[in-house]
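No value in this document is a laboratory result; all are computed from the given coordinates. From a predicted model like this one, the values you see are computed outputs, not experimental measurements. All Cβ positions, even for glycine, are placed from backbone atoms using ideal geometry, and neighbour counts span all protein chains on display.
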Amino acid sequence: MTAVAQWHAVTKRYQDVTAVEQVSLRLEAGEAIALVGHNGAGKTTLIKLLLGLIRPSEGSVLIGGVDPAGAQGAQTRRKIGFLPENVAFHGAMKGSELMSFYARLKGESEKRNAELLEQVGIAHAADRRVATYSKGMRQRLGIAQALIGEPRLLLFDEPTSGLDPDSRREVYEMIDRLRQGGATVLISTHALSEIEPRVDRIAIMNRGRLLAAGTLASLRSRLDAEARMRVRVRSGTTGKLLEMLPPTVRCAERSDTAVTLLVSAHAKMQTLRVVVEAGEWVDDVEMVSPGLPELYAQLTGAAEEDES
């Protein structure tokens with residue numbers, strides 16, 4: 001089955017600087033994927049390659065089997081919706097005028113422009129000049145223009161930048177609807193905790209390399225990431241509990257009535273059995289699996305150590 005888009009063994013060099021190196025990643029229909037990494041990790045370069053703005057030094061980039069920078073690329077690029085990180089619109093133009101401009105640029109009808117402005121919550125400002133828009137409103141306008149032509153591939157670079165919490169939630173709800181409608185959404189972001197429950201897969205970049213790509217569960221399994229287990233016990237029994245635990249379990253915090261343990265995936269069930277056996281003086285157990293910020297720190301930290 002042909003991927004909606006893919007990078008295959010892609011390397012991009014700028015003279016002596018390697019922006020991305022040997023990156024292979026597929027985007028499938030109807031999925032939302034987070035592309036995460038610090039500034040300079042290569043995220044923007046991957047997006048530029050997909051948009052056909054630059055060509056790879058090695059490897060290939062395809063959208064539906066077509067090179068976006070090749071002879072047939074223009075038609076393919078019209079099927080992409082793109083929201084850049086820093087939205088810059090002409091302040092003298094009205095919101096409705098900008099939407100008309102982008103619709104003509106894409107060769108699309110202007111009939112749905114008002115509907116798209118309504119969808120992103122700025123229909124009331126359609127006839128106002130963009131210079132009067134707040135940062136959040138300009139961000140919404142950027143999302144609206146990306147949706148012109150009902151693209152099957154959407155590239156969002158920091159889509160919630162400048163938005164208040166309610167607006168951020170609305171953006172992700174809109175992304176859910178687009179995905180349910182069959183669109184593929186790539187979200188480049190620094191907001192790790194925010195994006196974690198909103199995507200199907202996560203691709204982690206570091207210094208131009210793709211460190212890992214997969215579901216949150218698969219990343220946890222691959223890294224054997226430690227969960228945090230907080231156990232509340234009868235006063236004075238924390239020492240007794242710690243003596244019973246497997247040697248691989250680490251104690252992060254301890255008081256007279258509670259301990260916080262760091263437990264790897266392979267030791268989780270054994271640790272829980274120990275806690276259950278001590279049940280007469282255990283009052284409560286809370287388990288928190290490692291989230292994306294912890295997995296990201298573990299992966300990038302390991303990569304930094306390997307390169308040092």
Please report the equivalent ellipsoid semi-axes of segment 73-227, computed as sqrt(5 x eigenvalue) of the Cα gyration tensor, largest first, in whole Å. 31, 17, 14
Of A114, G214, L272, which is farthest towards the positive pole of the chain's charge dipole, taken about the Cα centre with +1 and -1 on the beta-carbons of Lys, Arg and Asp, Glu respectively? A114
Point-to-point label distance, E150-A131, nm (Cα→Cβ direction, 7 Å offset): 3.8 nm
For the chain, modelled as a Gaussian network with Cα springs under 10 Å, which listed residue fluctuates most, G95, G182, G236? G236
Toy charge model, Lys and Arg Cβ at +1, Asp and Glu Cβ at -1: the chain dipole around Cα centroid in debye, rounded to 20, equals 920 debye
For K268, which lysines qualify as cross-link partners when the Cα separation must be under 27 Å and same-chain residues fewer than eight apart are set aside? K240
Using Cα springs under 10 Å in a Gaussian network model of the chain, which residue among T18, T160, T45 shows the largest mean-square fluctuation? T18
Segment 179-284, Rg to Rh (Cα coordinates; Rh as Kirkwood inverse mean 1/r): 1.14
Using the structure shown, select from K12/K106; K43/K135; K48/K79 the pairs with a Cα to Cα distance greater than 21 angstrom. K12/K106; K43/K135
About the Cα centre of segment 173-267, what is the dipole size in debye to 20, counting +1 per Lys and Arg Cβ and -1 per Asp and Glu Cβ, all else neutral? 140 debye
With charges only on Cβ, +1 for K and R and -1 for D and E, what is the dipole size of segment 254-301 about its Cα centre, in debye, rounded to 20? 280 debye
Answer with one residue from A203, M99, I47: the one whose Cα lies farthest towards the positive end of the charge dipole of the chain, charges on Cβ with Lys, Arg +1 and Asp, Glu -1. M99
Looking at the chain, what % of the alpha carbon pairs are farther apart than 33 Å? 39 percent
Convex hull over the Cα atoms of segment 226-288, averaged projected area in nm²? 3.5 nm²
Compute the helix-to-body angle for 135-146: its Cα long axis versus the longest principal axis of the chain, expressed 0 to 90° and rounded to tens. 70 degrees
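Based on DSSP, what percent of beta bridges with both residues in segment 5-221 are antiparallel, to the nearest 5? Let's see the in-between values first.
Working: 19 of 37 bridges.
Counting DSSP beta bridges with both partners in segment 5-221, the antiparallel share is about 50 percent.
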If we count every other residue with Cβ under 14 angstrom of A71's Cβ, Lys/Arg +1 and Asp/Glu -1, where does the sum land? +1
Sorted by Cβ density within 10 Å, fewest first, the residues F101, F82, F156: F101, F82, F156
Along the charge dipole of the chain, which of V249, P165, G59 sits closest to the positive end, that is, farthest toward it, with unit charges on the beta carbon of Lys, Arg, Asp and Glu (+1, +1, -1, -1)? G59
Averaged across orientations, what area in nm² does the convex hull of the alpha carbons in segment 1-63 project? 4.4 nm²
